[in-house]
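The values are calculated or read from the model by the stated rules, or taken from the named source; none is laboratory data. Given the structure is predicted, the values throughout are model-derived calculations rather than measurements. So basically every Cβ, Gly included, is an ideal-geometry build from the backbone, and we count neighbours across all protein chains shown. Just the protein is used for accessible areas: all its heavy atoms, side chains included, with ligands, DNA and RNA removed. Shrake-Rupley method; radii C 1.70, N 1.55, O 1.52, S 1.80 Å.
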Amino acid sequence: MRAAVTMIATGVAIIEQERNKNYIPREQCINAIAQRKFYIDSILNRGDIYCIEQIRMKPIVLYNLCDVLASCNLLRSTQNVSIRGQIIVFLQIVGQNQRFCFISGIYYRSVETIHHYFKIVLKAVLKLYKHLIKDPGDTVPAKIMNNRRFYPYFKV
């Protein structure tokens, strides 16, 4: 009986001690999904000049790039990241020379996630060469062929 009373008294003392501690108030949680959407929309909707400063292309060109990558099945939206979001992250890293850790802070994602989607978009963009770059053929234009300044460097 004494052991039970001692246990109860110890438990009550511990509970009282915990109640009397000074707690630091918890900060409000950030809605990361809403913040990401707001940041991406602010880049695209602030105007062409701001968009070019941030991702080095106009919004209409970004939308066209998204459509091309999606129609060629080179890039897909995932449950967590849209095609547009993947491409904007990629363009900010490449165009602004931003580090993965900086971009991860902006988008509230881990560095591993940013790196993963960067690699996916890079592979997709590299596969676009089949659709955008055409072989010039074996002919050398006359302007280059007849000019000594150019021809030695542009031989086929």
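If you go through segment 30-51 one residue at a time, do you hit one that is surrounded by 13 or more Cβ atoms within 10 Å (Cβ to Cβ), within 19 Å of residue 127 (Cβ to Cβ) and out of contact with any strand residue (DSSP E or B) (no Cβ under 9 Å at 6 or more places or on another chain)? So far as segment 30-51 goes, no, none of its residues is surrounded by 13 or more Cβ atoms within 10 Å (Cβ to Cβ), within 19 Å of residue 127 (Cβ to Cβ) and out of contact with any strand residue (DSSP E or B) (no Cβ under 9 Å at 6 or more places or on another chain).
Scoring residue 13 on the criteria (1) over 20 Å from residue 115 (Cα atoms); (2) assigned to a loop (DSSP other than H, G, I, E, B); (3) among the aliphatic types (A, V, I, L, M) leaves a single failure, condition (2). Of everything in segment 135-150 that is assigned to a loop (DSSP other than H, G, I, E, B) and open to solvent by 70 Å² or more (accessible area, probe 1.4 Å), the residue that is modelled with the lowest pLDDT is 136.
Each residue in segment 21-43 was checked for being under 19 Å from residue 104 (Cα atoms) and not basic (Lys, Arg), and 13 pass. Residue pairs whose Cβ atoms lie under 9 Å apart, sitting 6 or more positions apart in sequence or on different chains, and linking a residue in segment 35-51 that is of a type in the set (A, V, I, L, M, F, W, C) to a partner that is outside any helix (DSSP H, G or I), are 40/82; 51/57; 51/58. Residues that are open to solvent by 30 Å² or more (accessible area, probe 1.4 Å), among the β-branched types (Val, Ile, Thr) and either closer than 18 Å to residue 56 by Cβ or assigned to a helix (DSSP H, G or I) (or both) within segment 71-107 comprise 94, 106, listed in sequence order.
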